[in-house]
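Here's the structure, in structure tokens; my notes come after.
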Amino acid sequence: MPPIVIKIGGVALEQQSASPVLWERLIDLARTNDGGLVLVHGGGKAVDRLLAQLGMQTKRFEGLRITPPDQMDVIAGVLAGTLNKQLVGCINAARADGSARAVGLCLGDGAALTTPRQTGFPIDLGCVGDVTGGDAQLLKDLLVRNYLPVVACVGIDHDGSLLNINGDDAAAGVARALGAKSLVLLTDVPGVMDKSKRVLPSLSQSQVRELVQDGTIAGGMSIKVLAAASTAMALNAPVTIMSGSLTSDLERWATGEQVGTSILPI
């Protein structure tokens, strides 16, 4: 059975110890979905803080972090190290009986996912990659054994070099590689909004293109929505963008209610 893939970021990731109910809901989803659940996480705010403390500049291009080689070790240490292990600890601590079974890894572990360096941009993004394929066998093995994989968005290319992967692109790549049942992108806003700041309950592929082109969807949200749109087509299933700070939203989504914005495959 295919798994559910959920990407977490923003406030819910920043305030891990304050979100025990969220971890409970994720564990419940992992147990009740026959294919299990994979949690993918970013951590841009934590990375920004440490880079600032080290006197390193943070630059972005069209919502993507420019990652010079001298920053990659720091970024990997935050994402695949501190944040990943804190998240695993919080999830496992949410169930005193040990039933959570969260295990932390990055995209490149076990050569499960192919993550080459990004190309095709008008500027050099540095050590930035994308998920382009892979058999995801390590993730499949963990899911079959009822583990809950917690995946940091750090890739490893064919030369063994570490690469920074945008969290939404990472989650989309994991979902495609696993043929996921659903992809959910948890964020700090209740969904994709129109120019009047009203949540759009659903978006077709053509509507996505129009709203990105006219600037209604811009910056980091455009990357999120475009990743969701391509994944919806690949999975032939809607991809949901919704708030990660309201655990009731995740519960409602799990019961089939319309929550946030559904990006449709057509």
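The values are calculated or read from the model by the stated rules, or taken from the named source; none is laboratory data. Because the structure is a prediction, the values reported are computed rather than measured. Using ideal geometry, Cβ is built from the backbone for each residue, glycine included, and neighbour counts are taken over all protein chains shown.
Scanning region 1-13 for residues that are within 12 Å of Leu186 (Cβ to Cβ), modelled with pLDDT of 80 or more and out of contact with any strand residue (DSSP E or B) (no Cβ under 7 Å at 6 or more places or on another chain) yields nothing. For beta carbons closer than 9 Å, sequence separation of 6+ or different chains, a first residue in region 217-243 that is closer than 14 Å to Pro201 by Cβ and a second that is in a helix (DSSP H, G or I) and among the basic types (Lys, Arg), the qualifying pairs are Ile241/Lys224. Looking at Leu29, Leu51, just one residue is of a type outside the set (Val, Ile, Thr), under 19 Å from Gly244 (Cα atoms) and out of contact with any Lys or Arg (no Cβ under 9 Å at 6 or more places or on another chain), and that residue is Leu29.
Against the criterion of being within 20 Å of the chain's Cα centre (by Cα), at pLDDT below 95, more than 21 Å from Gly155 (Cα to Cα) and aliphatic (A, V, I, L, M), Leu22 qualifies. For the residues Thr132, Thr114, the requirement of being of a type in the set (S, T, N, Q) and farther than 18 Å from Leu226 by Cα singles out Thr114.
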